[in-house]
Amino acid sequence: LNQEQKIVIIGCGAGGGTAAQFAKKQHRKSKILILEKGKYPQYSKCGLPYVLSGVIPKLSDLFEFSEEWFKKAGITLSTNTLVDKIDVNKKKVIAKKDDEIIEESYDLLIISTGSKPFIPPIKNIFLKDKLIDGVFSIRTIDDIKKIQNSVKKGKRAVVIGAGFIGLEIADNLNKIGINVKVVEALPQILLTTFDEDMSKIIYNKISEKIDIILNSTVTKIETKNGKINQLLIKNNKTNIEQKIITDFLILAVGCRPEVSLAKNIGCKIGKTGGIIVNEKCETNIKNIYAVGDCTEFLDFVTKRPVQIGLGSIAVRQAITAGINASGGNYLMPKGVLQTRTSKFFGLEIAGVGPTMDFLISDKIVTATFKGFSLPPYFPGGKPISLKVIADKKSGKIISAQAVGNNAAQRINSFATAILAEMTIEDFKKLETAYSPAVAPTIDIVTIVCDIISKKLKIK
Ligand SMILES: Cc1cc2nc3c(=O)[nH]c(=O)nc-3n(C[C@H](O)[C@H](O)[C@H](O)COP(=O)(O)OP(=O)(O)OC[C@H]3O[C@@H](n4cnc5c(N)ncnc54)[C@H](O)[C@@H]3O)c2cc1C
């Protein structure tokens with residue numbers, strides 16, 4: 001690598017900020033410039049829901065790396081800088097900083113423009129191109145500021161979308177005395193991340209605390225004095241409509257990759273709408289990398305393209321692109337496991353690998369087991385339900401989902417097994433740590449594999 005190489009990074013989210021740090025670590029002489037359209041330094045989006053309840057006291061607590069921090073690390077972060085255009089031939093980007101047009105040349109470019117919230121087609125949702133008063137999307141610090149300004153104890157809120165973010169928001173609003181209802185168009189909560197049987201366990205637990213309206217679509221917003229007042233909701237099965245009075249509406253129905261800059265320069269965009277990247281995080285255009293929510297990559301098990309929407313993956317892609325852009329040689333695994341977790345209404349949940357909807361049912365074997373986190377005789381044991389899916393032919397572990405105590409740590413063991421392409425026979429012999437105050441002699445991660453093992457033998 002030529003010591004004068006200049007790496008320009010567009011976006012300072014989890015992807016851009018991490019890529020900058022790893023590019024610098026790889027080669028101290030690399031000149032690194034991050035251009036970020038927002039006014040804040042690198043902050044955690046994942047922590048946003050917890051500011052609503054005060055679990056995280058202030059929005060500024062979410063700042064991870066300030067402009068001063070980057071400066072000390074030898075990285076320039078330019079905030080309030082919106083990149084408008086990339087000129088591939090001249091190897092430069094054109095941006096607007098505080099209304100001034102600037103141009104920055106690059107030797108290597110990393111696109112990490114993230115994604116933007118999807119706004120569902122609801123009648124009256126916009127007033128003069130802006131979300132109507134009382135309707136909010138969830139992506140940035142400014143979104144949370146707007147919600148904080150409207151939220152008052154005793155008010156009513158509807159959250160659309162029963163995915164991880166929708167349920168985290170619902171939990172944090174419920175904690176501060178807001179009357180929350182969640183509306184989900186699909187027949188189950190967490191449909192893309194949990195199978196029906198596991199999702200039911202989660203649903204039963206959280207619907208004790210809030211109303212979750214399944215199979216239903218918000219079709220219309222009715223207003224009073226220019227502000228949201230009532231929602232029209234249609235049951236997708238029966239077509240029966242009902243009205244719900246609400247003070248505000250939060251949209252948590254997913255995001256779409258922000259790829260306009262990449263598209264304009266001919267970056268290949270995949271089926272999911274994300275920029276296609278290889279294991280080095282290179283796009284199809286020479287010297288241009290892309291990372292994070294604006295990209296798509298292959299699922300490790302099914303090999304189908306998946307849109308990236310997890311900070312955990314954005315960071316790992318960013319490490320890869322940062323090192324490679326600074327002259328290193330670093331590869332992502334052959335696909336993403338989509339290891340995921342969350343906790344709401346006191347319930348920890350986690351999963352890894354594809355759900356049954358993405359698998360062919362007669363090619364897999366599944367087992368579910370409900371056990372406890374401690375031996376039966378020891379006080380304080382907590383319930384945990386675990387489901388594992390294996391390939392019928394090879395016996396390889398391909399997916400797992402857990403609900404309950406230490407779900408994430410148990411799922412991390414399965415992430416290791418899937419990445420190492422371990423079989424059920426290998427994994428069921430795992431020697432897990434035991435002490436009655438901490439864990440049972442035989443952890444349920446191996447018990448559930450023993451059940452699958454028997455099924456595999458009689459298949
Ligand atoms: C509420 C919430 C909770 C979440 N919780 C989790 C979680 O628990 N676990 C998990 O793994 N993931 C979670 N995520 C997802 C995670 O935050 C994202 O996957 C991650 O932020 C992706 O990083 P990124 O850098 O690709 O995109 P972003 O973090 O969105 O960063 C993109 C940046 O690019 C900037 N940008 C865009 N276009 C331009 C332009 N033209 N010029 C200059 N700058 C530009 C944007 O302003 C933005 O700062 C959560 C997300 C949200 C919203």
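Every number here is computed from the coordinates shown, using simple stated rules; none is lab data. Note that the coordinates shown come from a computational prediction; the quantities given were computed from them, not determined experimentally. Here the Cβ is made from the backbone with ideal geometry for all residues, glycine too, and neighbour counts use every protein chain on show.
Computed extension length for Arg156-Phe63: 30.5 nm, one decimal, from 0.36 nm per residue of separation with the Cα-Cα distance subtracted. Fully extending the segment from Lys39 to Glu196, taken as 0.36 nm per residue of separation minus the present Cα-Cα distance, adds 52.4 nm. Mark the label point 7 Å from the Cα of Ile442 along Cα→Cβ and return the residues of the stretch 374-414 whose backbone N is within less than 18 Å of it. Counting backbone N atoms under 18 Å from the label point, the list is 374-378, 384-388.
Under 5 Å from the amide H of Val135 lie the amide H atoms of Leu249, each residue being 5 or more positions distant or on a separate chain, with H modelled from the backbone and absent for Pro and chain starts. Under 5 Å between amide hydrogens, built in the peptide plane, is the criterion, and for Ile398 it picks out Ile389, Ala390, Asp391 among residues at least 5 positions away or on other chains. Rounded to the nearest whole Hz, the Karplus-based 3J(HN,Hα) values (6.51 cos²θ - 1.76 cosθ + 1.60, θ = phi - 60°) of the stretch 66-78 follow the sequence 7, 4, 5, 4, 4, 4, 4, 7, x, 10, 9, 10, 10, with x at glycine and proline. Ordering Asp197, Asp98 by the number of other Cβ atoms within 10 Å of each residue's own Cβ, fewest first, gives Asp98, Asp197. The HN-Hα couplings worked out from phi for the stretch 314-322 by the Karplus form 6.51 cos²θ - 1.76 cosθ + 1.60 (θ = phi - 60°) are 4, 5, 5, 5, 5, 4, 4, 5, x Hz, whole numbers, x standing for Gly and Pro. Here the chain is treated with +1 on each Lys and Arg Cβ and -1 on each Asp and Glu Cβ, and its dipole about the Cα centre works out to around 340 debye. Derived scalar couplings between HN and Hα for the stretch 107-119 equal 9, 9, 10, 10, 8, 9, 8, x, 9, 10, x, 7, 9 Hz in order, rounded to whole Hz, by the Karplus curve 6.51 cos²θ - 1.76 cosθ + 1.60 (θ = phi - 60°), x for Gly and Pro.
For the stretch 81-127 versus the stretch 130-192, the spacing of their alpha-carbon centroids is 28 Å.
Near the amide H of Phe297, within less than 5 Å, lie the amide hydrogens of Val306, Ile308, all on another chain or at least 5 residues away, with H placed in the peptide plane. Placing a pseudo-label 7 Å from each Cα along the Cα-to-Cβ vector at Glu100 and Asp211 gives an inter-label distance of 5.4 nm. Neighbour counting of Cβ atoms within 10 Å sorts the residues Cys449, Cys294, fewest neighbours leading, into Cys449, Cys294.
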